[in-house]
Amino acid sequence: MDTCVQHPMSVFTVDSQVDAAAPHPLPVRRRRGIRGHWLPRLALLILALLALCGAATEIHILRKVQKQLEATREQININSNSQKMAREKGEDQPPPSAHVTGNEFTATYPGGPLLWDPTLGLAFLHQVKYTNGSLLCTQSGVYFVYSKLQLGIRKCPPRDDAPSLFTHGVYKKSPNSPVAEELMQNSRRFCDDNGEGVWRDSSFLGGSFLIQEREEVYVRMSQTHLVRVKDGTESFFGLFMV
């Protein structure tokens, strides 16, 4: 009979518990510094601010340009309306004016108004009528009136004769009054003190006067034989509203 031999169980005595296996350490990430962490964000923020500032500046400039354009358009409209009204009222036309020149008939009638040519040379009439040596105003206003006479004589009278004087004047006549009103006058001697000889000179009158509608202005010369005319450039007469 077989004999079963059992060996005694081995018993181990452990003085202390064995620690569980420690886990493997995780890799440590290196922390970025504060500067490295905020620098990209700061750059993006600056770029965004610059973009906003550029957009705001552009909007401001556009609004300013728009206001200027609107002001210019408004001024153009005002000027256009003013020009239109002026055309309707005839204010864009030249003011009433006239310039008549001397001709061979200028000194025909001694003692009377000098006659003129309203068509010779630079002569013209604008809203002013010419009749028998007079300029008839069709509008009331302040006018500058002028008259220039070229004077000359080939042989002066002897010194023993009476003093040689001439009177050059401009006069105004109203339809409501039979008496003419003197506006300007130039009176002086002609010929030199030596008596006989050639003498040449000129007389000019000019000034501003109030002239009413339908009033006439004309020129008189006491010594009409002294008046010299040449293609309308030496002796002339005119006026214009100021």
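The values are calculated or read from the model by the stated rules, or taken from the named source; none is laboratory data. Keep in mind that this is a model prediction, so the values were computed, not measured. Cβ sites come from the backbone with ideal geometry, for glycine too, and all protein chains shown count toward neighbours.
A quick yes/no check of all residues on (1) surrounded by fewer than 20 Cβ atoms within 10 Å (Cβ to Cβ); (2) assigned to a loop (DSSP other than H, G, I, E, B); (3) at pLDDT 95 or above; (4) not polar (S, T, N, Q):
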position: Ala98; (1), (2), (3), (4): no, no, yes, yes
position: Glu104; (1), (2), (3), (4): yes, yes, no, yes
position: Gly111; (1), (2), (3), (4): yes, yes, no, yes
position: Gly121; (1), (2), (3), (4): yes, yes, no, yes
position: Gln139; (1), (2), (3), (4): yes, yes, yes, no
position: Val142; (1), (2), (3), (4): yes, no, yes, yes
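Is it the case that Asp160 is within 17 Å of Val100 (Cα to Cα), out of contact with any Pro (no Cβ under 8 Å at 6 or more places or on another chain), in a loop (DSSP other than H, G, I, E, B) and at pLDDT below 95?
Against the criterion (within 17 Å of Val100 (Cα to Cα), out of contact with any Pro (no Cβ under 8 Å at 6 or more places or on another chain), in a loop (DSSP other than H, G, I, E, B) and at pLDDT below 95), Asp160 does not qualify.
If a residue must be small (Gly, Ala, Ser) and in a strand (DSSP E or B), how many such residues does the stretch 124-137 contain?
1
Scan the stretch 205-221 and give yes if some residue there is of a type in the set (Asp, Glu), crowded, with 20+ Cβ neighbours inside 10 Å, under 37 Å from the mean Cα position of the chain (by Cα) and part of a strand (DSSP E or B), otherwise no.
yes
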